[in-house]
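The values are calculated or read from the model by the stated rules, or taken from the named source; none is laboratory data. Bear in mind that the values here come from a model prediction, so they are computed numbers and not experimental data. For neighbour counting, all protein chains shown are included, and Cβ atoms are generated from backbone atoms with ideal geometry for every residue, glycine included. Ligands, DNA and RNA are stripped out before the accessible areas are found, and what is left, the full protein with its side chains, is counted by its heavy atoms. Shrake-Rupley method; radii C 1.70, N 1.55, O 1.52, S 1.80 Å.
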Amino acid sequence: DNWVSAGAKMAAQAAAAAQAAAAQAAQAEAAESWYLALLGFAEHFRTSSPPKIRLCVHCLQAVFPFKPPQRIEARTHLQLGSVLYHHTKNSEQARSHLEKAVSIPQFEDVKFEAASLLSELYCQENSVDAAKPLLRKAIQISQQTPYWHCRLLFQLAQLHTLEKDLVSACDLLGVGAEYARVVGSEYTRALFLLSKGMLLLMERKLQEVHPLLTLCGQIVENWQGNPIQKESLRVFFLVLQVTHYLDAGQVKSVKPCLKQLQQCIQTISTLHDDEILPSNPADLFHWLPKEHMCVLVYLVTVMHSMQAGYLEKAQKYTDKALMQLEKLKMLDCSPILSSFQVILLEHIIMCRLVTGHKATALQEISQVCQLCQQSPRLFSNHAAQLHTLLGLYCVSVNCMDNAEAQFTTALRLTNHQELWAFIVTNLASVYIREGNRHQEVLYSLLERINPDHSFPVSSHCLRAAAFYVRGLFSFFQGRYNEAKRFLRETLKMSNAEDLNRLTACSLVLLGHIFYVLGNHRESNNMVVPAMQLASKIPDMSVQLWSSALLRDLNKACGNAMDAHEAAQMHQNFSQQLLQDHIEACSLPEHNLITWTDGPPPVQFQAQNGPNTSLASLL
């Protein structure tokens with residue numbers, strides 16, 4: 001009987017347990033159904049056209065009265081924080097939900113995503129000191145989750161980069177590269193190493209960059225995986241190589257790398273996106289979308305064309321890139337697109353000033369101002385370049401006091417060595433034109449960019465330009481033999497790297513020196529190729545200068561027909577430049593030349609009348 005009663009008791013307990021399990025399952029199923037229904041409604045409202053964010057938020061908030069399991073509660077706080085952060089200005093509620101999602105224990109995938117989003121929000125609110133420890137803690141506990149561990153390392157490295165703490169950023173990227181190697185992701189290891197190489201180039205740590213790029217090249221070539229990912233790594237690698245050459249002013253040496261880069265982007269444009277996810281979760285990264293890479297390759301091509309003096313080619317690729325950017329910006333608000341746009345405009349503005357389109361250049365400077373007004377970070381990164389461009393514009397319209405003020409402002413705002421040397425070179429040329437007014441300051445500047453010893457940067461192009469400025473100074477001082485020595489050094493360096501504009505400027509100045517010395521034959525040998533090169537660039541100021549010299553040379557040699565032809569050319573160039581000069585000075589944007597402090601001015605007042613002096617052009 002005892003056995004029977006025991007068996008009956010066990011059977012009754014089993015039946016009760018089964019009944020309880022069935023009830024629990026039914027309850028779970030019911031809970032899941034209401035949750036999925038609310039989630040479905042929320043997603044429907046979020047993806048409506050236009051999005052109905054208020055209704056989406058209501059649906060998600062309706063989850064909490066049901067007292068859901070902790071996983072659903074954590075996930076809902078994350079979803080609410082994400083929707084409020086991305087689609088509303090209610091950052092306080094977004095922050096509250098994300099902080100709750102982070103604080104709920106156990107659910108690490110939710111915790112890492114919430115920490116990533118919350119740190120973004122903290123940075124947007126200028127609470128960087130709150131973002132850093134949050135990311136560090138998430139990194140510490142995410143080592144068993146390769147995707148999130150790598151992503152959080154990238155994010156913290158980016159945060160340090162934005163703060164200009166490149167040493168800490170490089171350290172984190174090094175940690176990421178080693179972690180990626182341990183978890184068997186050579187692809188993401190290459191991304192970490194290439195990112196570190198980019199920062200080392202920014203810091204000018206060239207001795208560390210070269211072995212790192214060599215290692216990256218080997219990893220990229222040996223990695224066998226998704227073709228688009230492989231080609232994107234190759235684009236990243238080649239972009240670093242090309243910009244390294246261009247920073248060094250080596251316009252001729254960069255050509256093979258630039259050609260490889262252009263071929264690489266053509267290959268990528270023919271590949272279809274493979275939707276098969278990588279088997280290794282650490283490989284779930286992409287450097288840039290294909291469309292962004294395409295714009296970037298246009299951009300470095302423009303940089304090369306401008307430095308080499310192929311200004312029509314620079315114009316062609318700028319037009320292509322800006323057209324592509326306008327299409328992308330309609331669908332994508334990524335800040336990198338505005339950065340690309342500003343850098344493109346900075347380069348094409350310099351081209352316009354050379355080709356004699358000052359009015360267009362001024363309007364494009366105004367466009368850069370407007371882009372910078374929309375983003376304080378963009379302005380912070382480009383303020384020095386903006387004042388430098390205004391300084392170059394002031395020189396082109398002979399407003400030398402304003403040019404001095406703009407260049408001085410730019411020097412105050414930059415820590416970038418190459419930009420500093422570029423500004424000082426141009427400021428020195430302004431003081432040289434001004435005569436004896438700034439002798440002490442000029443001597444000090446020339447000593448700081450002395451190309452014969454202790455030149456502050458490694459740029460071949462800037463060093464060649466420094467020799468030209470020394471030659472110009474010696475010419476104005478009447479020390480012609482010394483001027484010839486400096487200018488021949490410029491010619492040697494510019495010919496070695498196809499720096500066409502410096503070549504043209506040096507040739508015409510040498511021609512002028514030989515003309516002053518009465519050596520008309522040698523003068524002609526310099527001025528004729530200067531004119532041909534200036535026409536090819538085209539450089540309007542050098543054409544004007546060359547045509548004036550050719551007119552005087554031919555007149556002195558008794559070549560009346562050639563003298564008349566050169567005089568006619570000179571007259572045409574003068575008229576074109578004068579017309580453009582008047583148009584530029586009449587624009588309301590011309591008032592930008594007086595802006596030297598604070599953010600870009602919002603509006604401009606029209607001038608009473610233009611300054612039509614052409615003294616600066618000869």
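Listing for the model above:
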item	result
Any helices (runs of 4 or more DSSP H) falling wholly within segment 50-129 and containing at least 2 residues that are touching a residue at least 60 places away in the same chain (Cβ under 8 Å) and out of contact with any strand residue (DSSP E or B) (no Cβ under 9 Å at 6 or more places or on another chain)	none
Residue among 463, 470 that alone is in contact with a Gly (Cβ under 9 Å, 6 or more places away or on another chain), outside any loop (DSSP other than H, G, I, E, B) and charged (D, E, K, R)	463
Residue within segment 370-386 that is at pLDDT 95 or above and more than 16 Å from the chain's Cα centre (by Cα) present	no
Some residue of segment 452-460 being open to solvent by less than 60 Å² (accessible area, probe 1.4 Å) and closer than 22 Å to residue 541 by Cβ	no
Among the candidates 233, 212, 193, residue that is in contact with a Gly (Cβ under 6 Å, 6 or more places away or on another chain) and either closer than 29 Å to residue 259 by Cβ or of a type in the set (D, E, K, R) (or both)	212
The one condition in (1) without any contact (Cβ under 8 Å) to a residue 60 or more places away in the chain; (2) crowded, with 19+ Cβ neighbours inside 10 Å; (3) within 20 Å of the chain's Cα centre (by Cα); (4) within 25 Å of residue 113 (Cα to Cα) that residue 191 fails to fulfil	(1)
Matching residues in segment 370-379 - criterion: being out of contact with any Ser or Thr (no Cβ under 8 Å at 6 or more places or on another chain) and either surrounded by fewer than 20 Cβ atoms within 10 Å (Cβ to Cβ) or closer than 29 Å to residue 535 by Cβ (or both)	370, 373, 376, 377, 379
Residues located in segment 285-308, provided they are of a type in the set (Phe, Trp, Tyr) and at pLDDT below 95	285, 287
Selection from segment 214-259 of residues that are polar (S, T, N, Q) and free of Cβ contacts under 8 Å to residues at least 24 places away in the same chain	214, 218, 224
Checklist (1) among the aliphatic types (A, V, I, L, M); (2) in contact with a Lys or Arg (Cβ under 8 Å, 6 or more places away or on another chain); (3) modelled with pLDDT under 95 applied to residue 424, failing item	(3)
Check on residue 430, in contact with a His (Cβ under 9 Å, 6 or more places away or on another chain) and either open to solvent by less than 10 Å² (accessible area, probe 1.4 Å) or under 21 Å from residue 585 (Cβ atoms) (or both)	yes
Meets criteria (hydroxyl-bearing (Ser, Thr, Tyr) and more than 21 Å from residue 277 (Cβ to Cβ)) for residue 145	no
